[in-house]
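The values are calculated or read from the model by the stated rules, or taken from the named source; none is laboratory data. All values reported here derive from a predicted model rather than from experimental measurement. Note that each Cβ is placed from the backbone with ideal geometry, even for glycine, and that neighbours are counted across all protein chains shown. Remember, those area values only see protein heavy atoms, side chains included, never the ligands or the DNA or RNA. Shrake-Rupley method; radii C 1.70, N 1.55, O 1.52, S 1.80 Å.
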Amino acid sequence: MDRRRFLKVTAITGTSAALASCGHPENQIIRFVPEEELTPGIAVWKPSVCPLCSAGCGVIARVMDGDAEVFRNGQPGVTRMGLARKLEGDPAHAVSQGRLCARGQAALQVTYHPDRITTPLRRTGERGNGAFQEVSWDEALGELVSRIDELVGKGQASAIAFLGRPRRGQRQALVGEFLRALGAPAPVSFALFDDGVARHANELSFGRYQLPTLDLARTRYLINFGADFLGTWNSPVAQGVAYGRMRQGQPGVRAKFVQVEPRVSQTGASADEWVVVRPGTEGVVALGLAHVIMREGLRPATAAGRAGTLVDGWAGGLPQFTPQEVERRAGVTAERLERLAKEFVTYGPSLAVIGGAALAHANGVVQALAVNALNALVGSVDAPGGISFMPTEAPPARPARSLRDLVSASPQLLLVDEANPVFATPSAARVGEALRNIPFIASFGSFIDDTSVLADLILPDHSFLESWTESSPESGAMEAVSMTAPPAMRPLYATRAMPDVLLEVSRRLSRPLDPPLPWQTFEEVLQAPPAAAPAAPARAASASPVTWADAQFDGDAATYPFHLLPYASQALHDGSLAHLPWLQELPDPMTTAMWCSWVEINAHTARQLGIALGDMVEVSSAHGSVRAPAVISPGIGPEAVAMPVGQGHETFTRYASGRGANPIRVLAPVEEPATGTLAWSATRVRLARVGGPDGSLVLFAGATRERPDHHGRG
Amino acid sequence: MAHRWGMVVDLDRCTGCEACVTACHAENNIPTVGAAEAARGRAMHWIRVERYWEGEFPEARLTFRPVLCQQCDNAPCEAVCPTYASHQTDEGLNAQVYNRCIGTRYCANACMYNVRFFNFFHPQWEKPLQLQLNPDVSLREAGVMEKCTFCVQRIKAAKSEARAEERELVDGALQPACAQACPAGALVFGDLNDPESRVARLSESPRGSKLLEEYGAEPKITYLQRQGWHEPDAQ
Amino acid sequence: MAQPSRWGTPSVFTTAHRSAGEAFRAFFDMRPDEVDQPVAFSHQLHLEKELVCTDCHEGVERGPVAGLPSVNTCLICHSQIATDRPIIQEITAMQEKGVDLAWRRVYGYTREAHVRFEHAPHIRAGVDCSTCHGDMKQQTVARRVVEMDMAFCVNCHKAKQASNDCLTCHF
C-alpha cells in the first residue's frame, strides 16, 4: 500500500469491532520487523563480483525474500530479508559474458556456510588449538588498536605486517594507504598459483607486467604449454567462451589445438594433439619450434623484436635448439617438431600460451620468455587471434615484498586477510613455525583455516554478497573492464567490512594518522579513491639476452624416480574452496573423484609396483611424505605422478578439516629466483604401495550403461 | 503448436569444466550427501560429465560427455512405473511426479542412461545452508526418485511471463541452469517444434547422434560429435 | 541428532518430520480448522473501509506468493488511524521494539504435496480471490472455508480449460 491510497482511506472514518489480541505462542522464536522493502516471491537480480579467483567475473545474484535466523541487539530471532539464491554470470560484464564456472556458482555457499565466523573472536587456548571466545566489536577493535598503539609508540610501526590474497582495486589501495600512513611496510600478497613468473616475463618481453588476454575465438592454431586455461588458469570463463567459438563459432573453420605437457590436464583433454614432454622442457620445445621456423626462412629472427633479443642465440637462429637436440632434451621427436613448426606458421592466426606447471620451475622465466618470443616471431602479439594486454588504468603492481620478506623481517603484529600460507607452502619452508612466533596476529577471514587458527583475534569480514565489490581484471577481455557494485544483500551476522574496520582503527589510534585518512567508510573510498600509488619504478628495462637454463629438480633421480606434478583442482582450486560442500561433491572431470585426494599413476608404473585402483600409496620426497589412494591414468607418463591440490587441510571447517592429503607440504622449498614464487613442479618423489583400498577414494557411480566397450576405464 | 523441448550437446565445445553440474545443484535444490554416502553410490548429480579415454599413453585421448536425462519420447522409465509418476507431458518432458512416486526404483533400473537418483534418506542442509534453496523448486523427501526436469520451473516462469506480456517465447532467452552457466556454449536448449530455433537447426547437424540410439528410447537430446583437425588445403 | 542452533532451533534443515505425530497428521492431511493468529485481524472490518486485498497482500498480482503483511504495513495507516485502540497501541509498541507479527498459515499444504502454486497467473486469468479463500467480507480472522483439495483445483482447471498435466502444479 502506498501513501496515496492511504490518504484516500483515511478519508473514510468509522468504528471498528473489538479486537482480541492473542500474543505469541510460548515456544515461538521472535520475529523481527524486516529492515528492507521486499515484494514476496519476486526475484531481483543484483550485480556483484565473484571473489574466488583473480579473474574478477561480474555476476548477478538472484535475490528473493526468505526467513533467516539472525541476532538483533544480541537477541536471537527470525526475520524476512532479501537472500541471494543463485549466482549467474553477468551478461553485461565483458569477462564473464553471462557465464560462470563451477566454482563461481558455488560461491553462494560462502555466505551461508554453517561454520562461518559470525562475531569477533579472541583466542583462549594454546595458539593453534582452535579455542576462541566471542567478544564484542568494541572490545576486539580496542585490543587491536592498543596493540598497534603500543608498537607505534615504541617507534616500531615497521614491525606491523599485512598479508592478503592478490587483489586489485580500491580495497587493496586502502590497505596500502592505511599501512603507509601508519609507517608500516607495504602489504604482502600470497597465493599458491599467483602467476608472478608469467607477469614478470611479460614485462621483460612486452613491457606489460600483466597476464595476457587470449583471442581464442579468432585463433586458428593454438599451442598451449601446460596452461589450464579451460579450468583454473587466468580467466577461465572468458577463455571458455572464446574456446567454444574457436571450436564451432564459424562454420567450416575449426582451429587446431596442440597441448604440450607431461600430464594431460582437463584443458589438455580437449586438445587435438597431446605432445608429451619432460617436465620443465616446454621452453625447449618452444625454442625448437622457433628454430625450425627461422631455419626454414618462414619468419625472420627480427620479426620477434624485443621479445626475441631477450633469448640468447635468437639472432643466430637458435643453433643449439635443433629438432634432434629438442628430441634428446624434451622427448618430442624431431619429425613431430618439424611438422608442428610448419603447421604453426602456415595455419594462422597462431597463438602460443604458457602457464601453470610449465612456469613452476626454477627456470620458469626463461620458459615464458621462449614462448613470448615464439608468439612475437609469428606476429601474434596484439593481433587478431593472438595475445593482447587489456588496457587498464590500474595494471597489477609488481609486489614490493614477498611472503619470504615478511617472514624474515620477524614482524611483531600481523594482519591476515584470507591468505592461507600455512596450507599453501612446503613444510620445509617452515612458514607456519615463523607465523607462530609473531607475538600478535589478527585475521579478517570468514573461516578458521590452517593460518587463521593461529590468530589471537578474528575480526570477521562480510561475505562478498554483503559487501561492496569491485572488478578490475587484468585480462579476459579486449577492452578495459571496471565495475563496482553495492552489497547484494544485508549482512546475516555481526560482521564488518574489512576496509571499514581499518578506517575505524585509524580513527581510534591514540596518535592520529598524519594526514588522517580522508574517508569514513569504504563506500566513500569507492566514490573518491586514493590517487593511484606511484608505480614502482620500472625495472631497468634490461634487454640483455637470457641464457637457457635447464629445469632443476630436488631429489636425485635414483632415490626419487618420479616427478611430482601437483595441479590445481578443478573444484577446489588452490584449496581455498575446500570448505564448500557443492565443490567437495563435484566429481573431478578426469577421475570422477569426490571428497578426497588421489595420486595419478601411469598404468605401466602401477603394474610394476603392484598398485591397483584405490590402493593406498605413499608419495615421499626428501622433505616428507603424503598418503592417498591411487588412480591409474593413461594421461600421465611413466616418469611422473600427479596429485590435485586442494585437500589436506588441518583446519578448515567441518567439510575440509582432516580430509585427504596436501601435496604442497612435501615439496622442496625451491623458488624461481627472479620472482621468489614457489617452483611447485620441481620436486622428485618416490612411490610405494602401503596398503589396499581404505575407502577414501570416492568415485561417482553414475555412468551410462549397456556399453561394455565404454566401461573399460569409465 | 505445442512446444517440444529438446537439447543439443556439442561435444566439440564441451571442456569438462563442470559448470553445469554446480549450476544444476544450485538451481534444483539437489542435496549433497557427504563422503560416506557418496562412497556408497548415493551422490546425486542430475547432470554429470562422463569421460571416455581412447588409446594408451602417450596416444591417449579423452572426450568429455555431459549426460543428463535424455527426455526420451519412448522412455523405458515410463513403461515400468506402476504409479505413472514417470510420464510424458504434452511438451515432451519426461516428468517425474514426486507425489505419485512410491519408490519402487524400477525406473532407475530401466534407464540405461543412469540419470535417475533415489532419495535413500531425507536430504539435509546444515543451517543456514538452507537459505541457498530455490523457492521455485520442491524439496524431495526420502523414498522419492528424482532426475533432471529441464528446469521445468524456468519453463513455467518464462511461459507465464510471456503470457502476461502477451508475447511469444524468444528462442534462447529460456535456458535451463546448465545451459545458462556453460561458458563454451556446449549446451543448447530450445523448442524442437520451432524450425527456426537454434536447437532444431543444430539437431539436424550431420555431426549429430543420439546416445544409445539403438535401444529405441528416442531421446530428445542430440550429441554433436567431437571433430578432429584436418589439414586445410594450403593456399 | 545434532545440537540445537544458537536460536534454539534444529541445526539441520531437513524434509523429515520432527515426530511420528507430525508425520501422521501430514499423511492424513489433518490440519486445525482455525489457527491462533498473533492479533485478531478482522478482514471484514478492513474490507468495509474500502481497503482491497492487494493493499496488504502485495505480491499477489506479480508473483507466486501473496505475502503476509508486517507491522510496517499495518502502521502505514495505523500511525494515524484508531491509535487509541489497545490493539493498535500493541502493534505500535511491537514496531518500536522491532518485533513483527508471526502470522500462522491458514491453508498450507504439506511439503510432500509438492504443490508449486502461483497466485499471479490465477489473478490474471480472472479467478476471484474468493474462489479459493471464501468471501473475506464475511470473515474476521481468516479461516479455512474452502477445502482446497486436488479435486477442487482440477475441476476449476477443467472448467477453464487450463492444463491438468501433473507438471502444471507439481515439480
From the residues A:GLY692, C:CYS56, B:PRO128, which one has its Cα farthest along the dipole of the protein assembly as shown in the positive direction, the dipole being from +1 and -1 charges on Cβ of Lys/Arg and Asp/Glu about the Cα centre? A:GLY692
Between their Cα atoms, which of A:LYS46/B:LYS159; A:LYS46/A:LYS86; C:LYS137/C:LYS158; B:LYS127/B:LYS156; A:LYS256/A:LYS342 are more than 19 Å away from each other? A:LYS46/B:LYS159; C:LYS137/C:LYS158; B:LYS127/B:LYS156
Unit charges on C-beta of K, R, D, E only; dipole of chain A, Debye: 880 debye
How would the stretch A:562-711 be classified by its alpha-carbon gyration tensor: rounded, prolate or oblate, with rounded meaning a/c under 1.5 and the a/b versus b/c comparison settling the rest? oblate
Could you give the nm distance between label points at B:ARG105 and C:VAL35, where each point is 7 Å from its Cα heading toward the beta carbon? 3.7 nm
Could you report the accessible area of A:PHE553 in Å², rounded to 10, computed with a 1.4 Å probe on the protein chains as they sit in the structure? 60 Å²
Based on the Cβ-Cβ distance of A:ALA409 and A:ARG127, what FRET efficiency does E = 1/(1 + (r/R0)^6) give at R0 = 22 Å, to the nearest 0.05? 0.65
Free-standing Cys, chain B [no other Cys Cβ under 4.7 Å]: B:CYS14, B:CYS17, B:CYS24, B:CYS72, B:CYS81, B:CYS101, B:CYS111, B:CYS151, B:CYS182
What distance in nm lies between label points placed 7 Å from Cα along the C-beta direction at A:GLU524 and C:TRP103? 4.2 nm
For chain B: span of alpha carbons on each principal axis (Å, largest first): 63, 53, 38
Among the chymotrypsin sites (Phe, Trp or Tyr not before Pro) within the stretch B:1-106, which fall in a DSSP loop and have no more than 12 other Cβ atoms within 10 Å of their own Cβ? B:TYR84
Once every DSSP H run of n ≥ 4 in the protein assembly as shown is given -39500 (n - 2.57) and the sum is divided by its residues, what mean residue ellipticity at 222 nm do you get, rounded to the nearest 500 deg cm²/dmol? -7000 deg cm²/dmol
When the label point is put 7 Å from the Cα of C:LEU47 along its Cα-to-beta-carbon vector, which residues of the stretch C:103-138 have a backbone N closer than 11 Å? C:129-138
Partner shielding of A:235-245, taken as the mean number of other chain Cβ atoms within 10 Å, equals 4
At a probe size of 1.4 Å, how large is the accessible area of C:ASP128, to the nearest 10 Å²? 90 Å²
Do you know the relative contact order of chain A, to the nearest whole percent, from alpha carbon pairs under 8 angstrom that are 6+ apart? 16 percent
Sites A:GLU36 and B:TRP229 - FRET efficiency at Förster radius 56 Å, r taken between beta-carbons, to 0.05: 0.55
Filter the trypsin sites (Lys or Arg not before Pro) in the stretch A:148-179 down to the DSSP loop ones having no more than 10 other Cβ atoms within 10 Å, then list what survives. A:LYS154
Once both labels are modelled 7 Å past Cα along the beta-carbon direction, what's the B:ARG40-A:TRP45 spacing in nm? 4.1 nm
Treating cross-link reach as a plain straight distance, find the lysines whose alpha-carbon is under 17 Å from the alpha-carbon of B:LYS220, omitting any fewer than eight places away in the same chain. B:LYS147, B:LYS210
Please compute one quarter of the surface area of the Cα convex hull for chain A and express it in square nanometres. 38.7 nm²
The stretch A:287-380: GluC sites (Glu not before Pro) in DSSP coil with no more than 14 other Cβ atoms inside 10 Å: A:GLU296
Buried solvent-accessible surface, both chains (A, B), 1.4 Å probe, Å² to nearest 100: 6700 Å²
If I take R0 = 41 Å and measure r between the Cβ atoms of C:GLU147 and A:SER136 in this structure, what FRET efficiency does the formula 1/(1 + (r/R0)^6) give, to the nearest 0.05? 0.15
Distant alpha-carbon pairs in the stretch C:14-84 (separation over 19 angstrom), percent: 56 percent
Averaged over residues of C:12-22, the number of beta carbons from other chains lying within 10 Å of each residue's Cβ is 5
If you place +1 on the Cβ of every Lys and Arg and -1 on the Cβ of every Asp and Glu, how big does the dipole about the Cα centre of the stretch A:576-714 come out, in debye to the nearest 20? 220 debye
